[in-house]
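Quick notes on the structure that follows.
The values are calculated or read from the model by the stated rules, or taken from the named source; none is laboratory data. Only a predicted model underlies this, so the values are computations on that prediction, with no experimental measurement involved. Note that we place each Cβ from the backbone using ideal geometry, even for glycine, and neighbour counts take in every protein chain shown.
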Amino acid sequence: MNNQKGDQPKEEYKDKKTISEELNNLEVENNPTKDFMYFVFDLLKTGIVVFIIAFCLRYFAVQPFIVDGESMMPNYVNNEYLFSRKGFLFDWSSRKEAML
């Protein structure tokens with residue numbers, strides 16, 4: 001039988017420690033300051049990604065509006081908050097849409 005790199009017979013593993021025993025013997029570094037710095041770094045990375053996604057959505061996909069006055073009655077009432085799609089990349093308008 002041709003024994004390739006990943007194909008090892010199971011007999012070789014009988015004499016070795018099990019994986020759980022090897023994991024139990026590992027030494028874990030306990031440094032609260034370093035752990036806190038990793039936490040802050042991960043928090044900053046997450047905040048930056050969320051900010052970039054929100055920025056792109058706000059300036060390239062949708063724009064919020066607050067209806068001011070009674071001019072859009074009966075579809076929209078005064079002080080109603082709505083989002084308008086920006087269609088500069090695609091023509092998203094249809095016949096029954098309100099144009100702002």
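On inspection, residue 76 does not qualify as outside any loop (DSSP other than H, G, I, E, B), modelled with pLDDT of 70 or more and not acidic (Asp, Glu).
Scanning the range 13-29 finds one or more residues that are of a type outside the set (Asp, Glu), assigned to a helix (DSSP H, G or I), surrounded by 10 or more Cβ atoms within 10 Å (Cβ to Cβ) and at pLDDT below 75.
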